[in-house]
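Asks: The following block contains the structure, expressed as structure tokens.
What follows draws every value from the coordinates through simple rules; no lab data is involved. Remember, predicted model here, so these are calculated numbers, not experimental data. Neighbour counts are summed over all protein chains in view; Cβ atoms, including those assigned to glycine, are modelled from backbone coordinates with ideal geometry.
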Amino acid sequence: MIDWTRIKMLREEIGEDAFPEVVEIFIEEVSEMIEKLRTAPQIESLGEDLHALKGSALNLGFTTFSELCQIGETSAANGHADEIDLPPILQCYEDSSKLFLAGLESGDVS
């Protein structure tokens, strides 16, 4: 669900001091997009929204979530945005986020 190796690499790339800020920005931005999908999804932009989420997720190692976003993005690109099942995607983000934050707190990414 979480690619801890990717997170360790990111931390090394951007530096220990900048990492918490990157995490904070990621959580804020993605949470806003998730809330939009939860409360007022727009079929016309669903593929683009899932594409943006996928990119953000990949950067921070949310592998399962990014895979679900990719499936939805592909479905939208093929003209089937109305068939995308959002609740599992949204739940995966919630689960991934909890696991990620717990891992940071416990030092799994040192």
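Asks: Can you give me the span-like helices of the chain, meaning DSSP H runs with 24 Å or more of Cα extent along the axis and Kyte-Doolittle mean at or above -1.0? Let's see the in-between values first.
Replies: Details: long enough: 19-39 (30 Å, 0.23); 86-106 (30 Å, 0.26).
Length and hydropathy pass: 19-39, 86-106.
Asks: Taking the Cα centroid of the stretch 43-65 and of the stretch 1-33, what is the distance between the two, rounded to the nearest whole Å?
Replies: Cα centres, the stretch 43-65 to the stretch 1-33: 15 Å.
Asks: Mean residue ellipticity at 222 nm from the helices of the chain, using -39,500 (n - 2.57) per DSSP H segment of n ≥ 4 over the full residue count, to the nearest 500 deg cm²/dmol?
Replies: Details: 5 runs with 82 residues, N = 110.
The helix contribution divided over the chain gives -25000 deg cm²/dmol.
Asks: Okay, moving on. List the lysines whose Cα lies under 28 Å from the Cα of LYS36, skipping any in the same chain that are fewer than 8 positions away.
Replies: The qualifying lysines are LYS54, LYS98.
Asks: Still on this structure: Could you sort the peptides 42-52, 65-75 by per-residue average Cβ neighbour count (10 Å cutoff), highest mean leading? The partial results should precede the final answer.
Replies: On the way: 42-52: 16.5, 65-75: 21.0.
Sorting 42-52, 65-75 by mean packing, highest first, produces 65-75, 42-52.
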